[in-house]
Amino acid sequence: MYKNTLVEIQKFIGLLLLIFIAVSCGLTQDKSASTQVFSDPIAPIGDSSLTIPAAVRPILDVWMRDTYVTYGPDGYYYLTGTTATPGRVFPGQVHCWDYNDGLYLWRSRDLKNWESRGVIWSFDKDAAPWQKKGTPVKPGEKSPNGDPLDSLYRAVWAPELHYIKSQKKWLLIACLNGNNGSFVLESSSGKPEGPYKNIKGNETKAIFDNIDLSFFEDTDGEVYLIGHNHYIAKMKKDLSDIAEPFRAFKETPYESEPYIEGVWLDKHAGKYQLLQTIWSVSHADSTYSYIRDNKKSDKLYSYDVVIAESDHIYGPYGPRYPAILQGGHNNLFKDENGNWWSTTFFNPRGVMGTRFPITCRPAIVPLKWKKDKLMPDAKVADDFYSTLNIK
């Protein structure tokens, strides 16, 4: 009888131990979930120190979205972007939601006077069969702005021109509309004007299956592809293809992630800077945030650049902070004196369409670092644009 009682006691103690472990695990999980960190979604609308300065205006009278500028080793600044086919007759406003003819390039010695270098890549002369085919437009389809569309989706968007210092090569990167992905081109002449050919990784198919692909060359010479909107992959040493599958950055997200685009990666003071573009939304209670409640009262308001920082290229990246209000889908570049700039294009949607008399034109915004955070420099903008004369 004593033996049976002892066994029962042991079973009871074992049961209590199992219950204690289960409860402890549950508490641990709850604590972990409750301490998850999110980025602050509040959009600081009305903050003049973060908004594109009033002095900023087009530096070139060419219809363009997704403006891109870089400073080359030859002392020239190079400019490209998403353009519409010159001479095309539109039933409504100029656009390139359906098709365009290729990629164009301009150069300048002073960021103010720009010289056209013409078409540097075209569908007709340079595209591979998979890039040429396009996707049919369904009858009656319209663009996000309500523009009538033609019969085919076959436009090249968001080009970036990069000089890879470690390889002494010019690479051109862009994406296709119609869900046809992104690709990388290499200049066969060694010059920024090309001609350009597909690298091996996208001779027969897209190297990345989404839009807004970007480049980043690290200080150690390693080169990475940065993919819309949260992805990264290291390239092979010869830049012929990716050396690893795309993986997601480790980020500090918003509690409810919105649609994000226009990704850009840079480095400052030894830390990686991840730039992303997000629409702020105006809510019925007169507040603004980067989280959409999906209510009819929510309206797209401002096309903003937010930044997150990390010690490591793959992350984790800390909380995002708003850096350039109304200046989304940009890239950063340094001028010949090491000063920081951002591109912009005056998005016609949201508040920008009411604020700017001319939209979809290339422009640049001087920047400054203040307490390790990036923001527009209104004083330098005033000085720069006071002497700008568009020809």
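Picking from ASP110, ASP124, ASP150, which residue would you name as being in contact with a Gly (Cβ under 9 Å, 6 or more places away or on another chain), surrounded by fewer than 16 Cβ atoms within 10 Å (Cβ to Cβ) and in the same structural domain as THR277 (by TED's automatic domain parsing)?
Only one candidate qualifies: ASP124.
Can you go through SER280, SER286 and tell me which one is of a type outside the set (Asp, Glu) and part of a loop (DSSP other than H, G, I, E, B)? Write out each step before concluding.
On the way: SER280 fails: part of a loop (DSSP other than H, G, I, E, B).
Checking each option against the conditions leaves just SER286.
Can you work out which of the residues in the stretch 64-107 that are outside any loop (DSSP other than H, G, I, E, B) and of a type in the set (Lys, Arg) is surrounded by the fewest Cβ atoms within 10 Å (Cβ to Cβ)?
ARG107
For the list (1) farther than 30 Å from PHE38 by Cα; (2) at pLDDT below 95; (3) in the same structural domain as THR67 (by TED's automatic domain parsing), I need the number of the one condition that LYS391 fails.
Status for LYS391: all satisfied but (3).
Just to be sure I understand the filter: pairs with C-beta atoms under 6 Å, separated by 6 or more residues or on different chains, first member in the stretch 376-391 and loosely packed, with under 14 Cβ neighbours inside 10 Å, second member of a type in the set (D, E, K, R). Which pairs pass?
Here the result reads ILE390/ASP61, each pair linking the stretch 376-391 to a residue that is of a type in the set (D, E, K, R).
Could you check the stretch 328-391 for strands (runs of 3 or more DSSP E) lying wholly inside it with 1 or more residues that are in contact with a Phe, Trp or Tyr (Cβ under 9 Å, 6 or more places away or on another chain) and closer than 28 Å to VAL94 by Cα? Show your work before the answer.
Numbers: elements: 332-334, 340-344, 363-370, 373-376.
Per the criteria, 332-334, 340-344, 363-370.
When you scan the stretch 198-206, do you find a residue that is touching a Pro at 6+ places or on another chain (Cβ under 9 Å) and part of a loop (DSSP other than H, G, I, E, B), even just one?
Checked the stretch 198-206: at least one residue is touching a Pro at 6+ places or on another chain (Cβ under 9 Å) and part of a loop (DSSP other than H, G, I, E, B).
When you check VAL137 against the structure, is it β-branched (Val, Ile, Thr), within 25 Å of CYS360 (Cα to Cα) and in contact with a helix residue (DSSP H, G or I) (Cβ under 8 Å, 6 or more places away or on another chain), yes or no?
For VAL137, the condition - β-branched (Val, Ile, Thr), within 25 Å of CYS360 (Cα to Cα) and in contact with a helix residue (DSSP H, G or I) (Cβ under 8 Å, 6 or more places away or on another chain) - is not met.
Looking only at the stretch 82-117, count how many residues are in contact with a strand residue (DSSP E or B) (Cβ under 7 Å, 6 or more places away or on another chain) and under 30 Å from ASP383 (Cα atoms).
Here the count works out to 12.
Can you pull out every residue in the stretch 373-391 that is out of contact with any His (no Cβ under 8 Å at 6 or more places or on another chain) and over 15 Å from ASP110 (Cα atoms)?
Scanning the stretch 373-391 gives LYS373, MET375, PRO376, ASP377, ALA378, LYS379, ASP382.
Would you check if SER189 is touching a Gly at 6+ places or on another chain (Cβ under 6 Å), under 30 Å from SER108 (Cα atoms), assigned by TED's automatic domain parsing to the domain that holds PRO348 and not basic (Lys, Arg)?
When the stated conditions are applied, SER189 does not pass them.
In the stretch 281-313, which residue that is over 20 Å from LYS373 (Cα atoms) and of a type in the set (Phe, Trp, Tyr) is surrounded by the most Cβ atoms within 10 Å (Cβ to Cβ)?
If we take residues in the stretch 281-313 being over 20 Å from LYS373 (Cα atoms) and of a type in the set (Phe, Trp, Tyr), then TYR301 is surrounded by the most Cβ atoms within 10 Å (Cβ to Cβ).
Does ILE207 qualify as being over 25 Å from THR344 (Cβ atoms), crowded, with 16+ Cβ neighbours inside 10 Å and touching a helix residue (DSSP H, G or I) at 6+ places or on another chain (Cβ under 6 Å)?
Yes, satisfied.
Quick check on my filter: what residues within the stretch 142-177 are under 30 Å from PRO91 (Cβ atoms), in contact with a strand residue (DSSP E or B) (Cβ under 9 Å, 6 or more places away or on another chain) and not hydrophobic (A, V, I, L, M, F, W, C)?
If the condition is that a residue be under 30 Å from PRO91 (Cβ atoms), in contact with a strand residue (DSSP E or B) (Cβ under 9 Å, 6 or more places away or on another chain) and not hydrophobic (A, V, I, L, M, F, W, C), then LYS142, PRO148, ASP150, SER151, TYR153, ARG154, PRO159, ASN177 are the ones that fit.
The values are calculated or read from the model by the stated rules, or taken from the named source; none is laboratory data. A quick note: this is a predicted structure, and the numbers were derived from the prediction, not measured. FYI the Cβ positions are ideal-geometry reconstructions off the backbone, even for glycines, and counts take in every protein chain you see.
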